[in-house]
Every structure is written in structure tokens, then in C-alpha cells.
Amino acid sequence: MVDATHRAGGVIPPAEVPELELYHPKSWWTTYVFSQDAKVIAIQYAGTAMAIGLVALMLSWLIRLQLGFPGTFDFITPDAYYQFVTMHGMIMVIYLLTALFLGGFGNYLIPLMVGARDMVFPYANMLSYWIYLLAVLVLVASFFVPGGPTGAGWTLYPPQALLNGTPGGQELGIILMLVSLILFIIGFTMGGLNYVVTVLQGRTRGMTLMRMPLTVWGIFTATVMALLAFPALFVACVMMLFDRVLGTSFFMPALVEMGELTSHGGGSPILFQHLFWFFGHPEVYIVALPAFGIVSDLISTHARKNIFGYRMMVWAIVIIGALSFVVWAHHMYVSGMHPLFGFFFATTTLIIAVPTAIKVYNWILTLWRGDIHLTLPMLFALAFIVTFLNGGLTGLFLGNVVVDVPLSDTMFVVAHFHMVMGVAPILVIFGAIYHWYPKITGRMLNQQLGLFHFWVTFVGAYAIFFPMHYLGLVGAPRRYPELGGTAFIPESVADLNAFISITAFVVGFAQLVFLFNLIWSLRYGKEAGPNPWRATTLEWQTPTTPPPHGNWGDERPVVYRWAYDYSVPGAPQDFIPQNDPWPDKPLTRPA
Amino acid sequence: MSVVLVFLLVVIGFSFWWLSHQRIMSKPWLESGVHTAVPETDASGMATEKVALGVFLAVVGALFALFASAYFMRMEYSDWQAPPLPRILWLNTFVLMLASAAFSCAVRATRERHIALTRLALSAAGLGTLVFLAGQVTAWRELAAGGYFMDTNPANGFFYLMTGVHALHILGGLVALGRTTIRAWDPGAEPKRLTLGIELCAMYWHFLLLVWLGVFVLLEGWAGDLVTLCRQLLT
Ligand code: HEM
Ligand SMILES: [Cu+2]
């Protein structure tokens, strides 16, 4: 046998040095509030994200009230409607999904899955959360300032975002929005550096890159993308803030507003669109890649089969990450571009579908002849696959210029992006919570409530968003509070809108059941034990559940295999944990 | 957006080159057992702080590449009128170069455990940086005195914005430099930590010098000339 005490190149990775002292917090405050433990930070991130996500959910009810029953609710003025839509979109995309996947799951899972004791820079990690919280508070504050939050649409396009006619445009709303985004980006960068460097440097012995669970690959790649894409939003926000506060004209063209010439001149709104979508499209994959990774692990674990084509899955993640930086202008087909540009961006958009399709095939081939357990995480993972496929197919439609031009700014687009980046990632988040809740709390979530939650959410989401494709095809525009007497829109659209709205309330209610389940199971859930799903990855092999600060006992685990050894012929169990040397004897640490 | 695309191409190229050295062709499903846990990880032997700084600098690079992209796109519009650049910027550039050079000296000195020289070089670098910042403020005031305000022309706006963001990064670096300097004067400090601290500062300063040179070239208008030249060559 090879000499196991040999150290490659004489280098001791710094994270190998156990500094257990570091992991003994001194007081209640540093344990639960100003904690530097990635797991506590993860829960703080997730809690804050879900709280603000609840606000976005309630805003969607208000939107639906207006769309389903126009003219019934006096308090939903057109201005208020625009504010609801804007805040709903922005919160869902940035403050809920991005924060929950990277700040929440990233923080909880990366150190545990790669066998580290914590993130490499715990202090910066803690700061990251507190800046995120500040960003959320600034955002919430905009609801309470005179004029209310901005109503510019989540894309914040100038010039209208800064004009009088737009809610919050000449008041505080837009300023708070921009400040909040800038804070979010600063906070995220601190966290993001941690996630990336922990994966690069903090892995335990034997955990080579190609043995990392796909969850880690997904979050890692998404974080790298976010680190490179968020600066574009940062630049756009800073320049827009200057336009609004200091009177510059980066984006603001010369225009006449209410009979008066504004002080701006010559600026380029298209420049903003380029910057925004240079961030905006990668953002879709920043949300999708962690979902891809998590779903791969859920499917493999709950079908008791190794993931099909692990290498291909890793490559696909990386290639999607790189390609998604050269497709941004497919969001700008209607803003007037050179036809050759349109052709270029349509082509890159369609090319990205190839690695994405490979992933879908691989999930299905993983399921093929698997020992599928229809547990809650598995149900959500299956629901994700169909939903993502659905959204991906309409994406192929919209990626083509000629099809996009008539469909742009109709409800078809709303249907598409809700399927692909609204419903699909949210389903993964639910699946992931049902999967990892036992590790986080030591208890299982209630199965009956979970099944109720699953079926209402899954069927409901289709009932809400599927008909929107049709609405879009008949020409119902997006971002309109009321359709009024539009001649080409048939009567049935109003009925359909009412139906969608009622379903949306039901689905929203089911989310409250989920929240109740989260709290109720904390006390009354079934005891889970350390590894209820009999999974292979390291987080299930911690000596205590929930894992304490520092994660591992005296010694970090040693990894002997990849993350997907399920149903290995001849093995004593139908899974072999990553730190199990079967059929060898474990290594002993050199004295 | 061409500047940022070129920048991204470099980052992605580097990442792929790095990945290609990470045994991405291995077949993890075939390897298991004790002998595979022996080269403990493929984590690099480089100090974690250096890796982190490297990643951070990529983010800073993306930020400035985006500013440059925006600059080029905005420049095309007819109202663009570049302000005359204050002469003092040349001096500032020179001073920042000196500070960078001082950091190189400091790195060499601390590696040789030459503590007196290390302290001298660190002080020189700190001083040079402060002079640079003071020089930048002077440049701002000169421009403002000449009537070139932020809102009079987008070119002026870009000038204040880019020099300002660059100065903010330098200020952040000064915090790190302050901590390292304190350590250099602390007789109980561990020499390895000190060396690492100085190396990190040096890396950061060299990078910010590079960024400044880029910004300077852009603001001077040479970059625009270069682009026109390239275009003429191409057509
Ligand atoms: C309960 C679930 C949800 C419902 C009922 C819902 C409903 C709606 C409706 C009716 C609109 C306005 C369409 C219009 O322009 O007229 C909208 C916009 C939007 N939603 Fe959702 N949504 C939900 C969840 C989500 C999620 C999870 C996301 C995360 C990606 C999301 C992202 C957006 C975005 C980005 C917009 C566009 C905002 C804008 O036009 O500025 N939504 N949603
Ligand atoms: Cu896109």
C-alpha cells in the first residue's frame, strides 16, 4: 500500500491545521447574533430572505387582486400597481432567490460538504450578512417614505425610472432602491469571496475537485459568476444614482417633461440596458446553477443511484456559467439593434440550451431504473425537472428574434420567466429544505403537511402560470394594471385572469402551511437521527446533529470516494459515505 | 461592452487553464479506497489570503472594465466633451509608481528579514500613497475651479467617478497597510505573518497602479485614439 503519511510537496493546506479554540464562541451574542459560524449565518440569511420573500408573495396577491378583479379595489391605483410589481420582482429575484441560494445554502452546505470547519474568513462572512440585512432594511424603508417605493419595473430602465410620472422617480423611492442594491452587492462580494475561496482552499483531505457533490459545484460556479456579474449592476446603480442626485447625464437623454426641459442631456438609456442585462442574464443562471446542483444530489440520493454522467454534469455547469455572459442582449431585441447582433445573440442563446439539455437528460437517466423513493425532496425535484423543461422550451421561442418581437412585453414572457426562474428554483428550495431540515434541526418536517404543500404548490403553480402563455399569445400585455376596452383581447381573458388570481391566493396560503410546518416541526417533528436519508455526502456524517460550531469533532473527515456511491454491488449497505474507505481500513493520522 | 468582454475572456481563459490542471478528466466513480486519499487535496499550496486577494482583484478588475466599457459607449454620443486633464495627474502617476516600487522593496526586505529596511520601505509606500491621494484631490479642485463640474458634461462625470472609485479602493488598501505597518513595528509579531501582510499589500498596490494606468490612458483620450487606429487598420 502507498505510504499514507506522505504529504504532497511538503505542503500542509492551512485549513488542515485544527484550530479548535477558534470555534468556541464566548457569549450568547456571539453564538446566536453576531455569530461567525457559517451555519448560523446561513440560517440568518435564509430567515431574512424568507421574511422579505413573504412580503413579495403578499405583493403578488395585490397584483393578482387588481388583474383578476380590475376596478374593484380602489386602493390599488395604477401607481400603486406599478410599485407592487416592481418590488415583487426585485425582491423575488435578488433579495429572496440570490440571497437564499448563495447566502443560505452556500453558507450551510459548502463548509460541511467539503469537510471544512467553517468558511475561510468567518469575520467577513458575518459582515456579509449584516450588510445584506441593512440592504433589506433600506428596501423596506422605501415603503414608508413619502411617495413610496419606486414603480419603475424591476429593470429600473431610465429615463422613466427617474421621471415625475413614475412613482418614486422624483421622490426617495428610486434612491433607496439603488442604495439598497449597492449595499447588497457589497455584502454579497464579502460572502462570495468566502464561498469561492473555501471551495478552492478549504477542502479536506481526499476531497478533490472532481469528488465534490454537484451542489457544491453549482453554488461555486454561480458564485464566481455573481462576483463577475454584480459589478455591472453596481456600475449601473452608481451611475444612475449620480444622474438622479448629482444631475449628471450618463443615462438621461434630453427630454421635455410636463412642458419643461429637464436639466439632463444626451445620455444613453441603451447603455443602462446593456449594463443591466450584462448582470441580468447571468443572474438567471446564478439562481439556476445552485438549483441544478441541488437537484442532482436530491435525485441521486432519493433514487439510490449514482448520478448519470457526473463529469458531464460538472462540465455542463462550468460551460453554462461561461456562456451565459455572452447572451445578455436577447433581452434587448426590441430596443433597436443591428440585425447581425440580434443574430449573434440568438445563436449564443440557443447554444446554451445544449449543455442545459444534457443536464436534463442526465437527470432522467439517473432516474431510469432507479429505486425511486417518492419522498418530499424527490417530489419537488421531479416537479423541478418538468417545470424547468417547460420554461426552457418557451425560452427557445423567445430566444429567436422573430418570435420574440411580437411576444415581448406580453404575459407570455411573464409565464416563461416565472416557470424557469420563479417556480423552478423555488421548487428546488422547498425540496432542499425538506432534505436538509433534519440536519439543521435534528427533526423531520411533517410529512402530511409537506404533501399538502407539495401538491397545492405544484398543481397551483401550473394553474397560475400555464394559462399566462395563452394570455400572452392573444396579446395581453405585461405590466398593465387594466386591459380596459382593448378590442383584440377576447372576453375570456377576464375570466381566466380571475381564475389565475383565485389560484394564486390558494397557492399563497399553502406557503403559510409550509412556514407553519417549519416552526411546528422544530418542537414536534419526528427525531431524525444523523442520516435519515442514508446519504453519502459529508454533511450527513458529522459526529453530532445538528453539527456544532467547527462542524467536526477532533478530526476533520478524510474522503475516500466520490459523492454518489449508491447501490454499489457487494457493499454492506446501499450507500457508502464519502469518508468510508470500504473495502479498505481507514487511515490513521500520523502521530 | 468590448472592454469587459476582453477582460472576461482573460478571466475565463485563466479559469479554464486552471481547471485543465485539476484532473477534470478523472473518473471519480472508478477511484475509491485509501490510496486515493493520499495527496490530501488538490488545494493549492498558496496562502489562502493570496488566493482570496486574487479573486477579489478579479472582481475589482471587472468593475473597472465595466466602467471603461460604459465610457466608450457614452463617448460616441455627440454631447461628449473631454475636459482638459490637470497636469498634476502626471505627477500623481509617478508618485503612485514610486509607492509601488517601495512595496517591492518592502517585500524583498521582509523576505530577507531586514526589519529596518522593511519599515523604511513601508513608510515610504504609505507616504507616497497619501501624496497620491492629495494629488488627486488637487486635480479635482483644479477641474472644478475651471468650471468642469460633474454635471456639465458626461466626460467630466466619468472623470470624477472613475478617479473617485479608484481612490476609494486605495483608501481601503490604506487600512490594510495601516495594520501591516503596526505589525512591522511590533517586536513580538510573527515574521511570517508580516511577510504575508506585506506581500498582500504589494499585490494590491501593483494592481491598483495597473488600474490607474488604465484609467489614466482612458481619460487622456489615448484609448479612444487607439480604437480609431485599430478600426482604420481593420477597414
Ligand atoms: C406566488 C407566486 C407568484 C405569483 C402569483 C406571481 C405573479 C406575478 C405577476 C402577476 C406579475 C406581473 C405581471 C405583469 O407585468 O403584469 C409578476 C411579475 C414578476 N414576477 Fe412574479 N409571481 C410569483 C412569484 C415570483 C417568483 C418566485 C419570482 C422570482 C423570479 C418572480 C419574479 C417576477 C418578476 C421578475 C416580475 C417582473 C416584474 C416587472 O415587470 O418589473 N415572481 N409576478
Ligand atoms: Cu437572459
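Bear in mind that the values in this text are calculations on the coordinates, not laboratory data. Bear in mind the structure is a predicted one, so any value in this text is a computation, not a measurement. Because the Cβ atoms are built from the backbone with ideal geometry, glycine has one as well, and the counts that use them run over all protein chains shown.
So here's what we get for this one:
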| read-out | value |
| --- | --- |
| Rel. contact order, % - alpha carbon contacts under 8 angstrom, at least six apart, chain B | 24 |
| Spatial separation of Cα centroids for region B:1-77 and region A:216-285, in angstrom | 25 |
| Under 20 Å from B:LYS50, Cα to Cα: lysines that are on another chain or at least 8 residues apart | B:LYS192 |
| Shielding by partners - mean other protein chain Cβ count within 10 Å, residues of B:51-63 | 6 |
| Ranked list, fewest to most other Cβ atoms within 10 Å of each Cβ, for A:SER249, B:SER78 | B:SER78, A:SER249 |
| Amide H contacts under 5 Å for A:ASP580, placed H, 5+ residues apart | A:TYR560 |
| From phi via Karplus (6.51, -1.76, 1.60), per-residue ³J(HN,Hα) for region B:174-187 in Hz, x at Gly/Pro | 4, 4, 4, 4, x, 5, 5, 5, 4, 5, 5, 8, 8, x |
| Whole-Hz couplings from phi, Karplus 6.51/-1.76/1.60, listed for region A:405-417; x for Gly and Pro | 4, x, 8, 4, 6, 10, 5, 4, 5, 4, 4, 4, 6 |
| Nonlocal amide H pairs with A:GLU257, under 5 Å, H built at 1.01 Å | A:THR262 |
| Three-way shape call for chain B based on the alpha-carbon gyration tensor, with the a/c threshold at 1.5 | oblate |
| Order of B:CYS105, B:CYS230, A:CYS237 under a 10 Å beta carbon neighbour criterion, fewest first | B:CYS230, B:CYS105, A:CYS237 |
| Alpha-carbon centroids, region A:53-120 and region A:551-591: separation in whole Å | 40 |
| ³J(HN,Hα) computed for each position of region A:146-158 - Karplus, 6.51 cos²θ - 1.76 cosθ + 1.60, integer Hz, glycine/proline x | x, x, x, x, 5, x, 7, x, 5, 7, 6, 4, x |
| C-alpha long axis of helix B:88-111 to longest principal axis of chain B, angle in ° | 10 |
| Mean separation of Cα contacts under 8 Å (6+ apart) over length of region A:297-422, as relative contact order % | 35 |
| Partners for A:LYS359 among lysines (Cα-Cα distance below 25 Å; same-chain residues under 8 apart left out) | A:LYS305, B:LYS27 |
| Inter-part distance where region A:125-164 and region B:99-162 are each reduced to a Cα centre, Å | 34 |
| Residue order, fewest to most beta carbons within 10 Å, for A:SER296, A:SER35 | A:SER35, A:SER296 |
| Folded to 0 to 90 degrees: helix A:447-473 orientation relative to chain A principal axis, Cα | 40 |
| Shielding by partners - mean other protein chain Cβ count within 10 Å, residues of A:442-452 | 0 |
| Chain A, relative contact order [Cα under 8 Å, separation at least 6], % | 16 |
| Net charge over other residues, Cβ less than 12 angstrom from the Cβ of B:GLY157 (K, R count +1; D, E count -1) | -2 |
| Within 10 Å of each Cβ in A:247-253, the average number of Cβ atoms from other chains | 5 |
| Shape category assigned to region A:335-434 from the gyration tensor of Cα positions, a/c cut at 1.5 | prolate |
| Built amide H within the under 5 Å cut-off of A:ARG478, gap 5+ | A:THR410, A:MET411 |
| In degrees, nearest ten, helix B:191-220 long axis to first principal axis of chain B (Cα) | 30 |
| Nearby aspartates and glutamates by direct alpha-carbon distance to A:LYS39 (threshold 16 angstrom, same-chain neighbours under 8 apart not counted) | A:ASP118, A:GLU539 |
